[in-house]
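Each remark here refers to the structure printed beneath this line.
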Amino acid sequence: MASFKPTKIQVYPKLGEKVTQDTLYWKNYKAPVQIKEFGAVTHIDFSPVAPHNFAVTAFTRVHIYGPFSQEPVKTFTRFKDTAYSGRFRSDGQLLVAGCEDSVVRLFDVGGKVALRMFRGHTKAVHVTDFTSDRYQILTGSDDYTCRLWDIPNSTELNTYQEHTDYIRCGVTSKLNRDLFITGSYDHTLKLFDARVDRSVMTMDHGQPVESLLLYPSEGLLVSAGGRYVKVWDLLKGGQPLVSLKNHHKTVTSLCLSTNGQRLLSASLDRHVKVYNTTNYKVVHNFDYAASILSLALAPDDESIVVGMTNSILSIKHRKSPEESKEISGQQRRRPSYRVFVKGKNYVPKQDDYLVSKPVKQHLAKYDKQLKKFNVSKALDTALEVKMLTLATWTRHRKPEITVAVIKELDRRGTLNNALAGRDEQGLSQLLNFLIGNLVDPRFAPVLVTAAEMILDIYHSVIGQSPVVDRQLLRLQELLEREIDYQQDLLEVLGMLDTMFASALPRKEVPCSGASRSNGLAQGEASTSRAQLQAT
Amino acid sequence: MVEHGDIRVVHRGGSKINFRKPVITNDSRFLLCASGESVKVFSTSTEECIHDLRGHTDLVTGVLIKPSNHLQAFSCSADGTVRLWDFTDGILIKTYVIGYPIFSIHASPHHEGVIFVVTPMQGDKRSGELFQLVAVHLPQSGDQLVEARELSAVLTGISSNPAATVFGRGGEYIASANGLQLEVYFFKKQKAYRFSLKEDNKKGGKNTFTCVACHPNDDCIATGHEDGKIRLWRNFNHKKEYTYSTLHWHHSAVSSLSFTPEGTNLLSGGIESVLVQWRYNQENQRDFLPRLGAAITHIAVSPDGALYCTSHSDNKITIIQSCVKVSAVIQGLVKGESVGTDLMIDPRSKSLVLNGKPGHLQFYSLQRDKLLYNLDIVQQEYIHESGLQQFEVVKAAFDASGNWLATVEERKQKGAELELNLKLWAFDEQTQSFVLNTTISAPHEAQITGMCFSHATDSQTTMLVSTSKDGHFKAWQLAAQSQTDADEGPSWSCDFVGAYHGLVPECCSFSADGSLLAVSFQEVVTVWSPASWELLTTLSQPPKAIRNLCFGRLSCSKYLLGTTDSNLLCCWNLLTCSLEWSTSMDVSLLLADPLSENMAAFCCQAGCTDLFVFKPSEPRPLFSQKAVCSGMVTRAVFAPREEMLESCEESSQWLNRSQLYFLTQYMDLMTFTTKTEEERLMASSKQLVIDDSVAMTPFYLLLGKHRQQQQGGDDPQSGVSAERTPLPQGSVAIKELLQTPAHVLPSTSFLCSMFVQSLLISVTDSREESKHAEEEMESEKEEEDSEEEIESSRTRPEQQAAVGGGEAAESAAPAMTKAQVRELRRVKKLDHSWLAGLLDS
């Protein structure tokens, strides 16, 4: 009468981070291309014009790489000392770079020798940029000054001496030729107007400022310094909007995704974080091998280029649509969608007589065995269960199913029968599964009982098979390690509890247990108890 | 205390229907089964209860179709009477007074005027452990009440189980099994043979007989045994040379056996809830009908062999079409050993909800005394095996609007950790049932002691609070899902974990507006604010733990009532945070009426339960009744009425808005009724009886209504149009229809349209006139004014002619439509010229 109810596969909370649109987007990059430079990569700048070459400033050179080449298409080597801040002009024809020797050099992208040399700074120049009218250059230097230079005449137009420490970052407005902003190690950001002699706005970042970024609308300014990334509203007179503290070392570089929806920050803590610019929540995180000094995104987010202190330049290219589609191409082997829906959406007409066909219940193999009360076979089938995932067409294990079947057998009181009577191969298969999944807190309560039963059943045959013995030893070792681990965790939990207890203000009405206990911590605690029972 | 004569405690539905083997009538249309103190007649096709044959004053212990008249049935009862019923009309024909409690009844067509009943041994007064089969000669008498004192014992020392005694082929012998002994009594020889089995065979199986069946036309007795074996006994008319063969499929006791009427198949069933069909003489061939839901207790076969029916331990009767398909299920209220979940009322369907089948919640309509549906909570294959720990539904709660249902299922296995699941179900408007929304495995580390939803209907969020023996109470809230996985919809998650000095929380209760939560921790009541999860105050009345906790409603919402283990009923005023009053009574259950200020308290005193209904604000109880029932009442519920009663009497006013149902110790569902209500019920049933006495044909109904309408409609119109006669044509046709025997009438589908048309004509006046016109037109056939009228006039004579021909059935069916007639006429006209043309050429 009632149909067989299939074994319920419990849905466990997914481990690891959640898959969101952002993770899918930011994960869709190929394996990075790594290029060894001569020194720490301090600055990367993409050319605004196609084919979007990028200039990499590292040690005494500025290399220009093409979008796909691994060799530099162009190299500027005429620096006496470490070069800084190689930047393209908005037409992609000229490139400017500062230098440790305080000289600012202007290059033609096609040429080799500097077109202009701007002398005037007394110390290293870390900041160079073109103004939006393309005829002037902004420079900022360790001599606390920033200057404006005229390209055609190669003369200094103006000097601003308002900062009281090194100027390490600056940005010019893309909309107004007279506006530019500099950030300095004196913790301030200053907005200058070239039409007046002094700064028109000063903002206090609170930390030495390492990097600046203007939104395309130029209403918002992002500054990075220390561990903080701060967003300022320029239209409201430099009011701070948000302060983000997601890195645990100094943030060195900032970058906006092409559509302006995501903000990227790179830090010495070797992470690049991606923020949503509407709520400033971290939506994705990249890990790198070394501290990151510079970061740049190609137009359309085609590639992410990161320069690190260990003089490695890492380039990640976005996967082409064909590559992402490759997998779906393989799926075509299956019966097409049309086969499944054939006649399903047919609406019977008024006079049609509907012959109802009993819907055949589709059961998994192990369920079929369970239905017939073939418990041993059901367990065997469940141990071999591998699921086909939609995305990759690869078979990979689903321990949930096996665990669910073991649980079901336990519920039926026939787990003992199912586990008993196995030969060496069958037993080693079982033990293998236990070794793989026993310490998983999600499965431990079920598998511990099964492991106990196995030991009870087979303790008489221990020593007869080297394979099984080795596996049992491994299992024992695993358990011991897990117990140590759980003990450590419990200790930490105890420490945290005391800390929380002392941190909580004493209230009139005592409510001692009213702590929002962490689900994870509880889970760990309960599994540890199970582990202890198991031994 | 004033005795309130007008309020009575009555049984309300939910009686067992699986107590004894059901009986299928000869025409397979009805199914009779003993149900409490009455016999119920169900339709085998619609599952509806048609008659409730009431008359017995004690438990009905057997039902039997009278062998000599297949429209009458015997029923026997523990009240010492056998009653003869006409079950098609539900009339009691005769009552035979036997004088001893009867435990089962048997009869055979070959023993006319005699019935065999099982009564306790008379000489033996040891509480009726031994029973005897007694033949009762039914006296022929026209009286309603007949004393049948002509008894003769046939077999003594038999089992009271009706399945253990059965008539053999042609009524020649009767077989009865008891313990390890099978006794066969031959009526002709007046001799009984006894066959015994050994206590245990070597494999340790128990050989105790459980049931017996006899082959209808072969000398073969099938017996079922405790260890799941079926033995087929042959050659048993010799003391020594008997033989038996063994069939074994069942893994535990065979509870019922039955041969099909032709004797080709043997049906057996047991705790596995699988109906097994064995081929007689080809016992290797078996058919199975698995997963019938619960252990099979009885199997019955209809006399024509077309239907089987099985009764199950979960108060269910399944009707099966010759071992292939389940065609109907008659389900009664399932009452397990305990009601883990409280009695609840589903706010939507107003049905009573409690745990039923293992792992299910049942929704039982109190008005219709019918099980609406079972909700599968556990969603696991139920393994029918005794001694197996299964998941049980232990707690359930509805929110105020009925949109959410929370259930807790629990499985405690020896030596293993307690398995707990908290499930939250959302009501689906489309399917009109609950759909699983969230499963929380291991919501607490120990058993959940209490659970309640926040009652506030206006608030946007719903909150559930569960208290557990692990010393915590948790608040669960419907969490709004982030946009990223919006496809999954909202789900429930833990919002707050609270504890108080490591004490174990017992009861929890939300105030009516949902602004306060009271949780009792042993003797302390803590009051929390669900908005901020602040502990607002603590109330306590030492020295004993709190047993029940209840907020007042409506105007009494400032009161919090609690009962303690030390026979104390306390009422705290929440505004002053002090004890308002307290009284000493041993309250086993305290509950609040959701629709009024009233509270009901069941007090256990000297083995009896008293009921007090009171308002927290008033010192005097509104109503009190002593000795409502024996034993303790632990489950009760206020069910809102469909329509409010208007009772002016002060003592019964508390029943106006809602009705109080409670479960006694013996799992009987009882309620309180007032006199006026009973009178009303009686009146409605009497009216039904009167209606029943007149033949209620659909035609009568239609016609009756029609006539009434007409009479009403005629009065004002009579003055205006005197010439109008009430449906001359229609009424004649109907009269003809009603008088003609049904088998000569045309198909109803045709009659119906004609009938409806005639009704339509009668209402509109214009059509009436056209009718007259048509009649006039009929006389002058030659004139062709309009196509339509001519056609109608043409068809009529044709019909009349056909009627004249005598083929009434054919004539009435208008084989031709108007268009066809027109065509035919054209052909007729053309006919000659066309033929002539042919001939000419």
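The values are calculated or read from the model by the stated rules, or taken from the named source; none is laboratory data. If you're wondering where the values come from, they're calculated on a predicted model, not measured in any experiment. Ideal geometry is used to build each Cβ from the backbone, glycine not excepted, and the neighbour counts take in all protein chains shown.
Among the residues making up the range B:248-273, those that are at pLDDT below 90 and of a type in the set (A, V, I, L, M) are B:253, B:271. Looking at the range B:362-372, is at least one residue within 14 Å of another protein chain (Cβ to nearest Cβ), surrounded by fewer than 22 Cβ atoms within 10 Å (Cβ to Cβ), assigned to a loop (DSSP other than H, G, I, E, B) and in contact with a strand residue (DSSP E or B) (Cβ under 9 Å, 6 or more places away or on another chain)? Checked against the condition, which is being within 14 Å of another protein chain (Cβ to nearest Cβ), surrounded by fewer than 22 Cβ atoms within 10 Å (Cβ to Cβ), assigned to a loop (DSSP other than H, G, I, E, B) and in contact with a strand residue (DSSP E or B) (Cβ under 9 Å, 6 or more places away or on another chain), the range B:362-372 yields no hits at all.
Taking the criterion of being more than 8 Å from chain B (Cβ to nearest Cβ), touching a strand residue (DSSP E or B) at 6+ places or on another chain (Cβ under 9 Å) and at pLDDT below 80, the only residue of the range A:13-24 that qualifies is A:17. In the set B:377, B:383, B:317, B:296, only one residue is surrounded by fewer than 21 Cβ atoms within 10 Å (Cβ to Cβ) and β-branched (Val, Ile, Thr); that residue is B:383. All of (1) of a type in the set (A, V, I, L, M, F, W, C); (2) part of a loop (DSSP other than H, G, I, E, B); (3) farther than 29 Å from residue A:283 by Cβ hold for residue A:96 with one exception: (2). Within the range B:533-571, if we keep just the residues that are modelled with pLDDT of 85 or more and over 43 Å from the mean Cα position of the chain (by Cα), the residue that is nearest to the other protein chains (Cβ to nearest Cβ) turns out to be B:535. Identification of strands (runs of 3 or more DSSP E) wholly contained in the range B:175-257 with 1 or more residues that are in contact with a Cys (Cβ under 9 Å, 6 or more places away or on another chain) yields B:209-214, B:220-225, B:229-234.
Being polar (S, T, N, Q) and part of a loop (DSSP other than H, G, I, E, B) is a property that holds for residue B:566. On the stretch given as the range A:33-57, residues that are among the β-branched types (Val, Ile, Thr) and not in a strand (DSSP E or B) total 1. Residues in the range B:296-334 that are among the hydrophobic types (A, V, I, L, M, F, W, C), away from chain A (no Cβ under 14 Å) and not in a strand (DSSP E or B): B:306, B:333, B:334.
The residues of the range B:374-401 that are farther than 30 Å from residue B:640 by Cα and of a type in the set (S, T, N, Q), listed by number, are B:379, B:380, B:386, B:389, B:390.
Among the residues making up the range B:436-449, those that are surrounded by fewer than 20 Cβ atoms within 10 Å (Cβ to Cβ), of a type outside the set (S, T, N, Q) and over 13 Å from residue B:407 (Cβ atoms) are B:442, B:445, B:446. Taking residues in the range B:611-639 that are free of Cβ contacts under 8 Å to residues at least 24 places away in the same chain, and partners anywhere that are part of a loop (DSSP other than H, G, I, E, B) and not hydroxyl-bearing (Ser, Thr, Tyr), the pairs with Cβ atoms closer than 8 Å and at least 6 places apart or on different chains are B:614/B:598; B:614/B:620; B:614/B:621; B:614/B:622. The residue that is surrounded by the fewest Cβ atoms within 10 Å (Cβ to Cβ), counting only those in the range A:156-185 that are closer than 21 Å to residue A:100 by Cβ and within 32 Å of the chain's Cα centre (by Cα), is A:185. Under the condition of being part of a loop (DSSP other than H, G, I, E, B) and either at pLDDT below 65 or surrounded by 12 or more Cβ atoms within 10 Å (Cβ to Cβ) (or both), the residues counted in the range A:321-351 number 5. Only residues that are within 14 Å of chain A (Cβ to nearest Cβ) and either over 21 Å from residue B:478 (Cα atoms) or not aliphatic (A, V, I, L, M) (or both): list them for the range B:494-518, please. Listed by number, the residues that qualify are B:494, B:495, B:496, B:498, B:499, B:500, B:501, B:502, B:503, B:504, B:505.
Among A:491, A:482, A:508, A:524, which is loosely packed, with under 11 Cβ neighbours inside 10 Å and either modelled with pLDDT under 50 or under 32 Å from the mean Cα position of the chain (by Cα) (or both)? After applying the criteria, what remains is A:491. Across the range A:241-284, the number of residues qualifying as among the small types (Gly, Ala, Ser), at pLDDT 90 or above and either closer than 18 Å to residue A:22 by Cα or not assigned by the TED database to the domain that holds residue A:223 (or both) comes to 2.
Of all residues in the range B:589-608, which are at pLDDT below 85 and farther than 22 Å from residue B:657 by Cα? Within the range B:589-608, B:604, B:605, B:606, B:607, B:608 qualify. Checked against the criterion of being among the acidic types (Asp, Glu) and within 24 Å of residue A:413 (Cα to Cα), the range A:459-474 contains not a single residue that satisfies it.
Being touching a residue at least 12 places away in the same chain (Cβ under 8 Å) and surrounded by 20 or more Cβ atoms within 10 Å (Cβ to Cβ) is the requirement here; does residue B:331 meet it? Taking the combined requirement at face value, the residue satisfies it.
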